[in-house]
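Enquirer: This is the structure I have questions about; it appears just below.
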Amino acid sequence: MSQEGLTPVQFTWRDGRLLQLKSLQLDAAPQLMVLPRLVDPHVHLDKAFSWQDHPNLSGTYDGALAANLEEHQTRSEAAVLARGERALQRACRHGLRALRSHIDSVGPGAEPSWRALQQLRERWKGSIDLQLVALVPLAHWQTPAGERLAAQVADWGGMLGGVLAPPCGGSAVRRHLAALLTLAERFHCAVDLHIDEADRDPASGLKQLLRVQERLHCRQRITCSHASSLSLLPPASLRKLAERMAAAGLQVVALPLTNGWLLGRVPDSTPVQRPLAPIHQLQRCGVRVAVGGDNVADPWFPGGDFDPLALMAASIPLAQLAPWQRLGLAPFTTAAAEAMELSWNGVLCEGAPADLVVLQAGTWSEALRRPPQRRVLIGGSWWQPSGR
Ligand SMILES: [Zn+2]
(Lines give C-alpha, C1' and ligand atoms only; values in the text may rest on other atoms or scores of the structure.)
Protein backbone atom coordinates (compact mmCIF):
# COMPACT_ATOMS: atom_id res chain seq x y z
CA MET A 1 0.00 0.00 0.00
CA SER A 2 1.28 3.49 -0.87
CA GLN A 3 1.70 6.24 1.69
CA GLU A 4 -1.50 7.76 0.31
CA GLY A 5 -3.39 4.54 1.12
CA LEU A 6 -3.59 3.35 -2.50
CA THR A 7 -3.10 -0.30 -3.36
CA PRO A 8 -2.55 -2.03 -6.75
CA VAL A 9 -5.60 -4.06 -7.73
CA GLN A 10 -6.81 -5.81 -10.87
CA PHE A 11 -10.46 -5.24 -11.82
CA THR A 12 -12.52 -7.66 -13.88
CA TRP A 13 -16.26 -7.72 -14.44
CA ARG A 14 -19.04 -9.75 -15.99
CA ASP A 15 -22.70 -8.90 -16.66
CA GLY A 16 -22.24 -5.41 -15.26
CA ARG A 17 -20.88 -6.57 -11.90
CA LEU A 18 -17.36 -6.64 -10.50
CA LEU A 19 -15.72 -10.01 -10.02
CA GLN A 20 -13.39 -10.66 -7.12
CA LEU A 21 -10.68 -7.97 -6.85
CA LYS A 22 -7.13 -9.30 -7.17
CA SER A 23 -4.15 -7.69 -5.41
CA LEU A 24 -1.21 -7.04 -7.71
CA GLN A 25 2.52 -6.86 -7.10
CA LEU A 26 3.86 -4.14 -9.37
CA ASP A 27 7.50 -3.38 -10.15
CA ALA A 28 6.74 0.14 -11.38
CA ALA A 29 4.54 2.89 -9.94
CA PRO A 30 0.93 2.59 -11.18
CA GLN A 31 -0.17 5.06 -13.87
CA LEU A 32 -3.93 4.87 -13.31
CA MET A 33 -6.20 5.37 -10.33
CA VAL A 34 -9.66 3.82 -10.02
CA LEU A 35 -12.58 5.26 -8.08
CA PRO A 36 -16.21 4.20 -7.94
CA ARG A 37 -18.40 6.50 -10.02
CA LEU A 38 -19.17 9.36 -7.66
CA VAL A 39 -22.28 11.25 -6.59
CA ASP A 40 -23.20 14.89 -6.01
CA PRO A 41 -25.83 15.27 -3.30
CA HIS A 42 -26.60 18.95 -3.93
CA VAL A 43 -26.88 20.78 -7.26
CA HIS A 44 -29.28 23.21 -9.00
CA LEU A 45 -29.76 21.93 -12.55
CA ASP A 46 -32.67 24.29 -13.19
CA LYS A 47 -30.43 27.35 -13.10
CA ALA A 48 -27.01 25.93 -14.07
CA PHE A 49 -25.21 27.98 -16.72
CA SER A 50 -27.56 30.98 -16.29
CA TRP A 51 -24.71 33.26 -15.13
CA GLN A 52 -24.05 34.55 -18.61
CA ASP A 53 -27.49 36.15 -18.90
CA HIS A 54 -28.04 36.75 -15.18
CA PRO A 55 -24.69 37.41 -13.51
CA ASN A 56 -24.33 38.56 -9.91
CA LEU A 57 -21.28 40.72 -10.20
CA SER A 58 -21.46 41.94 -6.58
CA GLY A 59 -20.92 38.38 -5.33
CA THR A 60 -23.32 38.96 -2.44
CA TYR A 61 -26.08 36.64 -1.21
CA ASP A 62 -28.72 39.35 -1.80
CA GLY A 63 -27.39 40.03 -5.29
CA ALA A 64 -27.56 36.32 -6.10
CA LEU A 65 -31.14 36.07 -4.88
CA ALA A 66 -32.21 39.12 -6.92
CA ALA A 67 -30.60 37.78 -10.12
CA ASN A 68 -32.08 34.33 -9.49
CA LEU A 69 -35.60 35.76 -9.09
CA GLU A 70 -35.19 37.80 -12.26
CA GLU A 71 -34.07 34.74 -14.23
CA HIS A 72 -36.96 32.71 -12.82
CA GLN A 73 -39.52 35.16 -14.30
CA THR A 74 -38.54 34.29 -17.86
CA ARG A 75 -37.49 30.66 -17.40
CA SER A 76 -38.80 28.27 -20.07
CA GLU A 77 -38.95 24.49 -20.33
CA ALA A 78 -36.66 24.58 -23.37
CA ALA A 79 -34.05 26.63 -21.52
CA VAL A 80 -34.01 24.27 -18.52
CA LEU A 81 -33.89 21.24 -20.83
CA ALA A 82 -30.88 22.63 -22.68
CA ARG A 83 -29.04 23.70 -19.54
CA GLY A 84 -29.84 20.45 -17.72
CA GLU A 85 -28.73 18.28 -20.66
CA ARG A 86 -25.45 20.18 -20.86
CA ALA A 87 -25.00 19.74 -17.10
CA LEU A 88 -25.69 15.99 -17.15
CA GLN A 89 -23.37 15.44 -20.12
CA ARG A 90 -20.59 17.08 -18.17
CA ALA A 91 -21.50 15.29 -14.94
CA CYS A 92 -21.45 11.88 -16.61
CA ARG A 93 -18.20 12.55 -18.44
CA HIS A 94 -16.63 13.65 -15.16
CA GLY A 95 -17.66 10.46 -13.40
CA LEU A 96 -20.91 11.22 -11.56
CA ARG A 97 -23.57 8.50 -11.31
CA ALA A 98 -26.19 10.32 -9.21
CA LEU A 99 -27.16 13.93 -8.51
CA ARG A 100 -29.73 15.52 -6.25
CA SER A 101 -31.06 18.75 -7.76
CA HIS A 102 -33.12 21.37 -6.01
CA ILE A 103 -35.72 23.09 -8.20
CA ASP A 104 -37.14 26.59 -7.65
CA SER A 105 -40.75 25.49 -7.14
CA VAL A 106 -42.80 28.64 -6.63
CA GLY A 107 -43.44 31.20 -9.38
CA PRO A 108 -43.63 31.19 -13.17
CA GLY A 109 -40.51 29.07 -13.71
CA ALA A 110 -41.58 26.26 -11.39
CA GLU A 111 -43.70 24.14 -13.71
CA PRO A 112 -41.41 24.44 -16.76
CA SER A 113 -38.47 23.47 -14.55
CA TRP A 114 -40.18 20.36 -13.18
CA ARG A 115 -41.33 19.31 -16.64
CA ALA A 116 -37.83 19.67 -18.06
CA LEU A 117 -36.05 17.91 -15.21
CA GLN A 118 -38.49 15.02 -15.16
CA GLN A 119 -37.79 14.51 -18.87
CA LEU A 120 -34.07 14.58 -18.18
CA ARG A 121 -34.48 12.13 -15.31
CA GLU A 122 -36.13 9.68 -17.74
CA ARG A 123 -33.66 10.37 -20.55
CA TRP A 124 -30.67 9.67 -18.30
CA LYS A 125 -32.08 6.65 -16.47
CA GLY A 126 -29.49 3.87 -16.41
CA SER A 127 -26.60 6.34 -16.66
CA ILE A 128 -27.39 8.89 -13.95
CA ASP A 129 -29.85 8.73 -11.06
CA LEU A 130 -31.49 12.10 -10.69
CA GLN A 131 -33.24 13.07 -7.44
CA LEU A 132 -35.44 16.18 -7.45
CA VAL A 133 -36.26 18.46 -4.51
CA ALA A 134 -38.93 21.18 -4.40
CA LEU A 135 -37.22 24.35 -3.18
CA VAL A 136 -39.71 26.92 -1.82
CA PRO A 137 -39.88 29.56 0.90
CA LEU A 138 -40.49 27.56 4.07
CA ALA A 139 -43.83 29.27 4.81
CA HIS A 140 -45.21 27.87 1.56
CA TRP A 141 -45.62 24.42 3.15
CA GLN A 142 -48.21 25.84 5.52
CA THR A 143 -50.50 27.00 2.69
CA PRO A 144 -53.08 25.05 0.64
CA ALA A 145 -50.84 25.55 -2.43
CA GLY A 146 -47.96 24.03 -0.48
CA GLU A 147 -50.06 21.02 0.42
CA ARG A 148 -50.98 20.53 -3.24
CA LEU A 149 -47.33 20.85 -4.23
CA ALA A 150 -46.31 18.21 -1.65
CA ALA A 151 -48.87 15.77 -3.06
CA GLN A 152 -47.64 16.44 -6.58
CA VAL A 153 -43.97 16.11 -5.65
CA ALA A 154 -44.72 12.81 -3.90
CA ASP A 155 -46.41 11.64 -7.09
CA TRP A 156 -43.32 12.56 -9.06
CA GLY A 157 -41.06 10.70 -6.63
CA GLY A 158 -39.45 13.92 -5.41
CA MET A 159 -38.51 15.43 -2.07
CA LEU A 160 -39.53 18.48 -0.07
CA GLY A 161 -37.14 21.35 0.52
CA GLY A 162 -37.05 24.96 1.62
CA VAL A 163 -34.89 27.77 2.84
CA LEU A 164 -34.26 28.52 6.50
CA ALA A 165 -31.90 31.48 6.81
CA PRO A 166 -31.72 34.23 9.47
CA PRO A 167 -33.85 35.59 10.97
CA CYS A 168 -35.15 32.17 12.08
CA GLY A 169 -36.48 33.11 15.53
CA GLY A 170 -40.08 32.88 16.63
CA SER A 171 -42.86 30.37 16.71
CA ALA A 172 -43.96 31.07 13.11
CA VAL A 173 -40.81 29.35 11.79
CA ARG A 174 -41.53 26.33 13.97
CA ARG A 175 -45.07 26.18 12.60
CA HIS A 176 -43.70 26.25 9.03
CA LEU A 177 -41.23 23.49 9.88
CA ALA A 178 -43.95 21.44 11.56
CA ALA A 179 -46.12 21.80 8.45
CA LEU A 180 -43.21 20.64 6.28
CA LEU A 181 -42.36 17.60 8.43
CA THR A 182 -46.03 16.65 8.72
CA LEU A 183 -46.39 16.73 4.91
CA ALA A 184 -43.17 14.75 4.55
CA GLU A 185 -44.54 12.08 6.86
CA ARG A 186 -47.96 12.07 5.22
CA PHE A 187 -46.59 11.73 1.68
CA HIS A 188 -43.47 9.66 2.56
CA CYS A 189 -41.10 12.25 1.14
CA ALA A 190 -37.56 12.86 2.28
CA VAL A 191 -36.65 16.45 3.24
CA ASP A 192 -33.64 18.50 2.15
CA LEU A 193 -33.36 22.04 3.54
CA HIS A 194 -31.11 24.97 2.72
CA ILE A 195 -30.42 25.80 6.34
CA ASP A 196 -28.10 28.26 8.10
CA GLU A 197 -26.38 29.35 4.89
CA ALA A 198 -25.27 32.43 6.79
CA ASP A 199 -22.40 34.21 8.48
CA ARG A 200 -24.48 35.37 11.45
CA ASP A 201 -26.94 33.98 14.03
CA PRO A 202 -25.03 30.71 14.40
CA ALA A 203 -27.21 27.61 13.96
CA SER A 204 -30.44 29.53 14.52
CA GLY A 205 -32.24 27.44 11.88
CA LEU A 206 -30.84 24.14 13.11
CA LYS A 207 -31.96 24.91 16.66
CA GLN A 208 -35.50 25.48 15.44
CA LEU A 209 -35.45 22.33 13.32
CA LEU A 210 -34.21 20.25 16.26
CA ARG A 211 -36.99 21.56 18.51
CA VAL A 212 -39.62 20.58 15.94
CA GLN A 213 -38.07 17.24 15.00
CA GLU A 214 -37.59 16.23 18.64
CA ARG A 215 -41.32 16.80 19.11
CA LEU A 216 -42.63 15.30 15.85
CA HIS A 217 -40.10 12.49 15.21
CA CYS A 218 -40.56 12.64 11.44
CA ARG A 219 -39.29 9.29 10.13
CA GLN A 220 -38.35 10.56 6.67
CA ARG A 221 -34.67 11.28 5.99
CA ILE A 222 -33.84 14.94 6.76
CA THR A 223 -30.81 16.53 5.11
CA CYS A 224 -29.41 19.85 6.29
CA SER A 225 -27.68 21.46 3.33
CA HIS A 226 -25.11 24.21 4.01
CA ALA A 227 -25.24 24.34 7.86
CA SER A 228 -22.49 26.94 7.44
CA SER A 229 -23.11 29.16 10.45
CA LEU A 230 -22.67 26.19 12.81
CA SER A 231 -18.96 26.81 12.46
CA LEU A 232 -19.40 30.10 14.36
CA LEU A 233 -20.60 28.35 17.54
CA PRO A 234 -18.21 27.98 20.46
CA PRO A 235 -16.78 24.41 20.53
CA ALA A 236 -18.82 23.15 23.50
CA SER A 237 -22.12 24.46 22.05
CA LEU A 238 -21.27 22.94 18.69
CA ARG A 239 -20.58 19.56 20.27
CA LYS A 240 -23.93 19.60 22.10
CA LEU A 241 -25.78 20.63 18.96
CA ALA A 242 -24.02 17.97 16.86
CA GLU A 243 -24.90 15.29 19.40
CA ARG A 244 -28.55 16.35 19.21
CA MET A 245 -28.38 16.28 15.40
CA ALA A 246 -26.95 12.76 15.45
CA ALA A 247 -29.66 11.61 17.89
CA ALA A 248 -32.37 13.20 15.70
CA GLY A 249 -31.03 11.45 12.59
CA LEU A 250 -30.13 14.67 10.74
CA GLN A 251 -27.43 14.57 8.09
CA VAL A 252 -25.45 17.41 6.55
CA VAL A 253 -24.35 18.33 3.04
CA ALA A 254 -21.49 20.84 3.16
CA LEU A 255 -21.12 23.17 0.17
CA PRO A 256 -17.68 24.76 0.31
CA LEU A 257 -17.59 26.49 -3.09
CA THR A 258 -20.75 28.59 -2.80
CA ASN A 259 -20.12 29.30 0.89
CA GLY A 260 -16.58 30.38 0.14
CA TRP A 261 -17.81 32.82 -2.49
CA LEU A 262 -20.91 34.30 -0.81
CA LEU A 263 -20.35 34.23 2.95
CA GLY A 264 -18.17 36.28 5.27
CA ARG A 265 -18.08 39.22 2.88
CA VAL A 266 -16.84 42.56 4.18
CA PRO A 267 -16.79 45.35 1.54
CA ASP A 268 -13.31 46.03 0.18
CA SER A 269 -11.75 43.40 2.43
CA THR A 270 -10.42 39.90 2.10
CA PRO A 271 -12.63 37.68 4.26
CA VAL A 272 -11.29 36.56 7.60
CA GLN A 273 -14.33 34.59 8.70
CA ARG A 274 -15.12 31.66 6.37
CA PRO A 275 -18.38 29.97 7.50
CA LEU A 276 -18.55 26.37 6.29
CA ALA A 277 -20.27 23.37 7.89
CA PRO A 278 -17.86 22.15 10.60
CA ILE A 279 -17.37 18.82 8.84
CA HIS A 280 -14.83 17.24 11.18
CA GLN A 281 -16.64 18.23 14.38
CA LEU A 282 -19.96 16.88 13.04
CA GLN A 283 -18.36 13.61 11.92
CA ARG A 284 -16.79 13.20 15.35
CA CYS A 285 -20.27 13.34 16.94
CA GLY A 286 -21.66 10.74 14.54
CA VAL A 287 -23.39 13.03 12.03
CA ARG A 288 -23.14 11.83 8.42
CA VAL A 289 -21.58 14.58 6.28
CA ALA A 290 -21.34 14.69 2.49
CA VAL A 291 -19.90 17.41 0.26
CA GLY A 292 -21.74 18.79 -2.77
CA GLY A 293 -20.94 21.14 -5.64
CA ASP A 294 -24.07 23.34 -5.32
CA ASN A 295 -24.17 26.05 -7.97
CA VAL A 296 -22.51 25.93 -11.37
CA ALA A 297 -22.23 29.15 -13.38
CA ASP A 298 -25.43 30.64 -11.98
CA PRO A 299 -26.08 33.84 -9.99
CA TRP A 300 -24.93 32.10 -6.80
CA PHE A 301 -21.51 31.00 -8.04
CA PRO A 302 -19.72 31.80 -11.30
CA GLY A 303 -17.51 28.67 -11.44
CA GLY A 304 -18.04 24.93 -11.02
CA ASP A 305 -18.35 22.23 -13.68
CA PHE A 306 -20.11 19.16 -12.19
CA ASP A 307 -16.65 17.67 -11.71
CA PRO A 308 -16.24 15.67 -8.48
CA LEU A 309 -12.44 15.63 -8.80
CA ALA A 310 -12.34 19.43 -9.10
CA LEU A 311 -14.61 19.62 -6.03
CA MET A 312 -12.28 17.32 -4.10
CA ALA A 313 -9.32 19.46 -5.15
CA ALA A 314 -11.07 22.65 -3.98
CA SER A 315 -12.04 21.01 -0.69
CA ILE A 316 -8.41 20.47 0.24
CA PRO A 317 -7.78 24.17 0.95
CA LEU A 318 -11.38 25.14 1.80
CA ALA A 319 -12.25 22.30 4.21
CA GLN A 320 -8.90 20.58 4.82
CA LEU A 321 -10.41 17.29 3.64
CA ALA A 322 -7.66 14.87 2.60
CA PRO A 323 -8.85 11.98 0.43
CA TRP A 324 -6.18 9.63 1.81
CA GLN A 325 -7.99 9.78 5.17
CA ARG A 326 -11.19 7.75 5.51
CA LEU A 327 -13.25 10.69 6.80
CA GLY A 328 -11.75 12.96 4.16
CA LEU A 329 -12.83 10.66 1.32
CA ALA A 330 -16.21 9.49 2.68
CA PRO A 331 -18.01 12.84 2.11
CA PHE A 332 -17.46 12.36 -1.65
CA THR A 333 -18.05 8.60 -1.78
CA THR A 334 -19.79 6.41 0.78
CA ALA A 335 -21.31 9.14 2.97
CA ALA A 336 -22.60 10.99 -0.09
CA ALA A 337 -24.18 7.81 -1.52
CA GLU A 338 -25.71 6.94 1.84
CA ALA A 339 -26.99 10.50 2.28
CA MET A 340 -28.83 10.03 -1.03
CA GLU A 341 -30.10 6.59 0.07
CA LEU A 342 -28.67 4.97 -3.08
CA SER A 343 -28.70 1.18 -3.33
CA TRP A 344 -24.87 1.04 -3.67
CA ASN A 345 -22.66 3.03 -1.30
CA GLY A 346 -19.70 2.98 -3.70
CA VAL A 347 -17.49 0.41 -2.00
CA LEU A 348 -15.59 -1.52 -4.67
CA CYS A 349 -16.00 -5.22 -3.97
CA GLU A 350 -17.14 -8.45 -5.63
CA GLY A 351 -20.73 -8.09 -6.82
CA ALA A 352 -20.71 -4.27 -6.82
CA PRO A 353 -21.79 -2.52 -10.04
CA ALA A 354 -18.98 -2.27 -12.61
CA ASP A 355 -19.27 1.52 -12.36
CA LEU A 356 -15.78 3.01 -12.31
CA VAL A 357 -13.90 6.21 -13.00
CA VAL A 358 -10.39 5.52 -14.26
CA LEU A 359 -8.10 8.51 -13.78
CA GLN A 360 -4.89 9.30 -15.63
CA ALA A 361 -3.08 9.73 -12.33
CA GLY A 362 -0.91 7.49 -10.22
CA THR A 363 -1.26 9.35 -6.91
CA TRP A 364 -3.84 11.52 -5.15
CA SER A 365 -1.54 14.50 -5.49
CA GLU A 366 -1.40 13.99 -9.25
CA ALA A 367 -5.20 13.56 -9.42
CA LEU A 368 -5.82 16.78 -7.53
CA ARG A 369 -3.26 19.11 -9.08
CA ARG A 370 -5.55 19.64 -12.05
CA PRO A 371 -8.76 17.80 -13.04
CA PRO A 372 -7.31 14.61 -14.58
CA GLN A 373 -8.21 12.93 -17.85
CA ARG A 374 -10.53 10.01 -17.17
CA ARG A 375 -12.60 7.18 -18.62
CA VAL A 376 -15.96 6.18 -17.21
CA LEU A 377 -17.26 2.62 -17.01
CA ILE A 378 -21.05 2.23 -16.61
CA GLY A 379 -22.44 -1.24 -15.97
CA GLY A 380 -19.34 -2.80 -17.52
CA SER A 381 -19.34 -0.64 -20.70
CA TRP A 382 -17.12 2.34 -21.43
CA TRP A 383 -19.15 5.50 -21.73
CA GLN A 384 -18.94 7.32 -25.04
CA PRO A 385 -19.91 11.01 -24.82
CA SER A 386 -20.70 11.12 -28.52
CA GLY A 387 -23.00 8.09 -28.23
CA ARG A 388 -25.87 10.14 -26.86
ZN1 LIG B 1 -28.23 24.92 -2.97
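Enquirer: Between Glu366 and Gln89, how high is the FRET efficiency from 1/(1 + (r/R0)^6) when r is the Cβ-Cβ distance and R₀ = 41 Å? Nearest 0.05. Display every interim value, and only then the final one.
Expert: Working: r = 26 Å, r/R0 = 0.62.
My answer for the efficiency is 0.95.
Enquirer: Just flag the GluC sites (Glu not before Pro) in the stretch 293-388 sitting in loop per DSSP whose Cβ has no more than 14 other Cβ atoms within 10 Å.
Expert: Values: sites: Glu338, Glu341, Glu350, Glu366; in loops: Glu341, Glu350.
The qualifying sites are Glu341, Glu350.
Enquirer: With a ≥ b ≥ c taken as the square roots of the eigenvalues of the C-alpha gyration tensor of the stretch 38-339, please select rounded if a/c is under 1.5 and otherwise prolate if a/b is larger than b/c or oblate if it is not? Don't skip to the answer; put the middle values down first.
Expert: Working: a/c = 1.29, a/b = 1.09, b/c = 1.18.
In terms of gyration-tensor shape, rounded.
Enquirer: Rounded, prolate or oblate: which one fits the stretch 159-279, using the alpha carbon gyration tensor with axes a ≥ b ≥ c (rounded when a/c is under 1.5, else prolate when a/b beats b/c, else oblate)?
Expert: On the way: a/c = 1.97, a/b = 1.77, b/c = 1.11.
Verdict is prolate for the stretch 159-279.
Enquirer: Also, quick follow-up: Can you compute the modelled spin-label distance between Ala66 and Arg174, with each label point 7 Å from Cα toward Cβ, in nm?
Expert: 3.6
Enquirer: OK, next. If R₀ is 25 angstrom, what is the calculated FRET efficiency for the pair Cys349 and Glu4, using the beta carbon separation as r and rounding to 0.05?
Expert: On the way: r = 20 Å, r/R0 = 0.82.
It comes out at approximately 0.75.
Enquirer: Tell me the carbon and sulfur percent of the accessible area for the stretch 1-130, rounded to whole percent, probe radius 1.4 Å.
Expert: Of all accessible area on the stretch 1-130, carbon and sulfur atoms account for 50 percent.
Enquirer: Filter the chymotrypsin sites (Phe, Trp or Tyr not before Pro) in the stretch 1-81 to those in DSSP coil with at most 15 other Cβ atoms within 10 Å of their Cβ, and list the result. Numbers along the way, then the final one.
Expert: Details: sites: Phe11, Trp13, Phe49, Trp51, Tyr61; in loops: Phe11, Phe49, Trp51.
Those satisfying the criteria are Phe11.
Enquirer: Shifting gears a bit: Once the Cα atoms of helix 61-73 and of the chain are each reduced to a long axis, what angle between those two axes, in degrees from 0 to 90 to the nearest 10, is obtained?
Expert: Approximately 90 degrees, to the nearest 10.
Enquirer: May I ask you to give the solvent-accessible area per residue for the chain, in square angstrom, as obtained with a 1.4 angstrom probe?
Expert: On the way: 17100 Å² over 388 residues.
Ligands and nucleic acids excluded, the result is 44 Å² per residue.
Enquirer: Helix 235-247: angle to the longest alpha-carbon principal axis of the chain, degrees 0 to 90, nearest 10?
Expert: Helix 235-247 sits at roughly 80 degrees to that axis.
Enquirer: Go through Ser231, Ser50, Ser23 and list them by solvent-accessible area, largest first, probe radius 1.4 Å. If you can, show how the numbers build up before the last one.
Expert: Values: Ser231 45, Ser50 5, Ser23 100 Å².
Output order, biggest surface exposure first: Ser23, Ser231, Ser50.
Enquirer: Largest first, what is the accessible-area ranking of Glu71, Glu243, Glu85 with a 1.4 Å probe? Please report the intermediate quantities before stating the final value.
Expert: On the way: Glu71 5, Glu243 95, Glu85 40 Å².
Final ranking, largest accessible area leading: Glu243, Glu85, Glu71.
Enquirer: How many percent of the accessible area of the stretch 234-275 is carbon or sulfur, using a 1.4 Å probe?
Expert: Details: 1250 of 2180 Å².
C and S atoms contribute 57 percent here.
Enquirer: Only loop residues by DSSP count here, and only those with at most 15 other Cβ atoms within 10 Å; note down the chymotrypsin sites (Phe, Trp or Tyr not before Pro) in the stretch 301-388 that meet that. Numbers along the way, then the final one.
Expert: Working: sites: Phe306, Trp324, Phe332, Trp344, Trp364, Trp382, Trp383; in loops: Phe306, Trp324, Trp344, Trp383.
Qualifying residues, ordered by number: Trp324.
Enquirer: Enumerate the aspartates and glutamates that Lys47 could reach by cross-link, defined here as Cα to Cα under 16 Å, with residues fewer than 8 away along the same chain left out.
Expert: Glu70, Glu71, Glu77, Glu85, Asp104, Glu111, Asp294, Asp298, Asp305
Enquirer: Moving on to the next point. Looking at the chain only, what percent of DSSP beta bridges run antiparallel? Nearest 5 please. Walk me through the intermediate numbers first.
Expert: Values: 16 of 48 bridges.
The answer is about 35 percent antiparallel.
Enquirer: Quick one: order Val266, Val376 from most to least accessible surface, probe 1.4 Å. Don't jump to the answer; show the numbers that get you there.
Expert: Values: Val266 80, Val376 10 Å².
Ranked list, largest accessible area first: Val266, Val376.
Enquirer: Sticking with this one: Please give the length that would be gained between Gln320 and Gln31 if that part of the chain were fully extended, namely 0.36 nm times their separation in residues minus their C-alpha to C-alpha distance (nm, one decimal). Show your work: numbers first, answer last.
Expert: Values: separation 289, 0.36 × 289 = 104.04 nm, distance 2.58 nm.
Extending this stretch completely gives an extra 101.5 nm.
Enquirer: Further question on the same structure: So what's the net charge close to Asp294: Lys and Arg +1, Asp and Glu -1, counting the other residues with Cβ under 12 Å from its Cβ? Working shown, then result.
Expert: Values: positive: Lys47, Arg100; negative: Asp40, Glu197, Asp298.
Cβ neighbours under 12 Å give a net charge of -1.
Enquirer: Further question on the same structure: Taking a label point 7 Å from the Cα of Ala236 along the Cα→Cβ vector, which residues of the stretch 249-290 have an amide N closer than 13 Å to it?
Expert: Counting backbone N atoms under 13 Å from the label point, the list is empty.
The values are calculated or read from the model by the stated rules, or taken from the named source; none is laboratory data. Predicted model, so just to flag it, every value in this text is computed and none were measured. Note that each Cβ is placed from the backbone with ideal geometry, even for glycine, and that neighbours are counted across all protein chains shown. Areas reflect the complete protein model, heavy atoms only, side chains present, ligands, DNA and RNA absent. Shrake-Rupley method; radii C 1.70, N 1.55, O 1.52, S 1.80 Å.
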